[in-house]
1. Which is at pLDDT 95 or above and either open to solvent by less than 20 Å² (accessible area, probe 1.4 Å) or at positive phi (or both), of L195, L140?
2. Could you tell me which residue of the range 247-305 is least open to solvent (accessible area, probe 1.4 Å), considering only residues that are among the polar types (S, T, N, Q) and assigned to a helix (DSSP H, G or I)?
3. As an exercise: evaluate A220 against (1) farther than 27 Å from V289 by Cα; (2) open to solvent by 40 Å² or more (accessible area, probe 1.4 Å); (3) within 16 Å of ligand 2 (Cβ to nearest atom); (4) of a type outside the set (V, I, T) and give the number of the one condition it does not meet.
4. Looking at the range 306-348 only, could you name the residues that are of a type in the set (D, E, K, R) and either within 16 Å of ligand 2 (Cβ to nearest atom) or open to solvent by less than 10 Å² (accessible area, probe 1.4 Å) (or both)?
5. Please return the ranges of helices (runs of 4 or more DSSP H) entirely within the range 84-184 where 3 or more residues are out of contact with any strand residue (DSSP E or B) (no Cβ under 6 Å at 6 or more places or on another chain) and either of a type in the set (K, R) or within 16 Å of ligand 2 (Cβ to nearest atom) (or both).
6. Taking the condition within 13 Å of ligand 1 (Cβ to nearest atom) and either among the hydroxyl-bearing types (S, T, Y) or within 29 Å of A167 (Cα to Cα) (or both), does G363 pass?
7. Given the condition farther than 20 Å from R51 by Cβ, open to solvent by 20 Å² or more (accessible area, probe 1.4 Å), at pLDDT 95 or above and not charged (D, E, K, R), answer yes or no: does some residue in the range 369-385 qualify?
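The values are calculated or read from the model by the stated rules, or taken from the named source; none is laboratory data. In this text the structure is predicted, and so the values were computed from the model without any measurement. Heads up, the Cβs are rebuilt from the backbone with ideal geometry, glycines too, and the neighbour counts pull from every protein chain shown. Ligands, DNA and RNA are excluded from the accessible area calculation, which covers all protein heavy atoms including side chains. Shrake-Rupley method; radii C 1.70, N 1.55, O 1.52, S 1.80 Å.
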Amino acid sequence: MSAVKSHLSPLSPDHGLLIRSISTEIIDMPIIREHKLSTLSVTHQSYVLVRVVTEDGVEGIGEAATLGGPRWAEEAVETIRAVIDVYLAPSLIGHAINRIRAARQIMDKAAKRNNAAKGAVETALFDVLGKVLDLPVTDLLGGRVRDHIPVLWALASGDPAQEIEEALSLIECRRHRDFKVKIGAQAPVDDIARLQKIAAGLVGKGDLKVIDANQAWDEATADRWIPALEEIGIGLLEQPLPHWNLAGMARLAARHRLPILADESVFSAHDAFQIAEAGAADAVSLKLVKHGGLLAMQEVAAIAGSAGIGVYGGCLLESAIGTAAHLHVFASLSDLAWGSESFGPLILRDELTAEPLQYENFGVAVPAGPGLGVVLDEDKVAHYRREG
Ligand code: MUC
Ligand code: MG
């Protein structure tokens with residue numbers, strides 16, 4: 001009883017656990033190779049790092065990732081930073097760190113959507129609360145269902161010979177054996193030829209689990225090429241059609257055997273409900289930047305689960321900070337049927353944290369430690385911080 005009391009007492013707002021400050025900085029990180037998506041190519045990775053500090057001086061951190069500026073979704077690091085600094089942060093100063101759902105309501109009043117910005121702030125609140133309570137974030141989310149999360153790797157240079165070599169070296173060191181291939185930057189016939197080559201190069205060694213078109217195809221193109229993808233042995237087709245075309249995705253799902261994974265079509269919990277109602281996907285990809293927080297990631301997963309739709313652990317190439325936030329959610333879900341793509345830190349040339357996440361046995365360990373379980377390397381943060 002006394003142990004419980006000593007854990008609970010610090011949560012009283014009288015004990016200095018109100019938010020004193022929320023600050024932001026933009027970080028630009030080099031990546032190991034170009035990452036080509038259908039409509040953009042990533043040559044470096046940018047984040048907004050958020051720090052929430054309590055009146056007692058305890059700091060929590062969060063991160064918002066983007067891909068190629070405001071081209072994957074509508075937010076860019078510059079807009080995320082401005083929205084947090086000008087609208088979200090002022091509305092939360094003096095708010096108690098343990099009232100996270102209420103903080104989300106406050107943020108929703110202060111700004112419409114801007115989910116990546118809200119997700120980064122909510123992550124920092126979970127981190128600081130976990131540090132104060134000396135508990136990992138997963139424990140604040142209902143506790144662990146699993147300790148190890150399977151992680152695939154994305155092949156996205158566009159050069160099949162390089163992609164086969166990259167995949168084989170990752171299989172060899174037991175880091176990944178499942179792969180996602182980014183398509184849509186070239187004509188479908190060329191992508192199919194590329195996939196056939198990669199599949200032939202990996203026979204008996206690795207699986208092409210996901211193909212991500214990032215909205216590049218229309219329904220007729222998808223109908224034409226899905227049988228070829230089935231023939232190659234692809235596991236999941238991610239976001240073949242534009243995000244708004246749920247009816248088209250539902251028709252594809254009904255006409256073909258290949259399961260469909262919804263990514264850009266699912267931001268809010270309402271989107272997840274509409275996907276379920278339309279029968280537009282067999283799986284949904286969870287991402288902090290899309291859903292706007294760890295609680296919302298759980299909500300989207302719950303709606304998918306209740307509709308019999310599997311969950312896939314998505315990413316937006318987060319560093320270890322944002323990746324840790326995802327891992328705590330993925331560890332807490334009743335089911336993570338399709339595994340994850342939590343490989344973001346591995347595409348960076350450098351780390352922002354003192355210790356890297358532990359990638360082993362074709363997956364990653366859920367961080368232990370209080371809060372997110374990652375500690376910033378302040379020299380690295382200073383090195384990669386954007387000036388001005
Ligand atoms: C996306 O659309 O899934 C995440 C991993 C990756 O390879 O691309 C991104 C975005
Ligand atoms: Mg995707």
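1. Testing whether each residue is at pLDDT 95 or above and either open to solvent by less than 20 Å² (accessible area, probe 1.4 Å) or at positive phi (or both) leaves just L195.
2. By that ranking, first place goes to Q298.
3. The number of the failed condition is (3).
4. E318, E341
5. 100-110
6. Taking the combined requirement at face value, the residue does not satisfy it.
7. No: the range 369-385 contains no residue that is farther than 20 Å from R51 by Cβ, open to solvent by 20 Å² or more (accessible area, probe 1.4 Å), at pLDDT 95 or above and not charged (D, E, K, R).
For every residue, the table says whether it meets (1) hydroxyl-bearing (S, T, Y); (2) in contact with a Gly (Cβ under 8 Å, 6 or more places away or on another chain); (3) surrounded by 24 or more Cβ atoms within 10 Å (Cβ to Cβ).
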position	(1), (2), (3)
Y47	yes, yes, yes
G57	no, no, no
A65	no, yes, yes
I93	no, no, no
K109	no, no, no
T123	yes, yes, yes
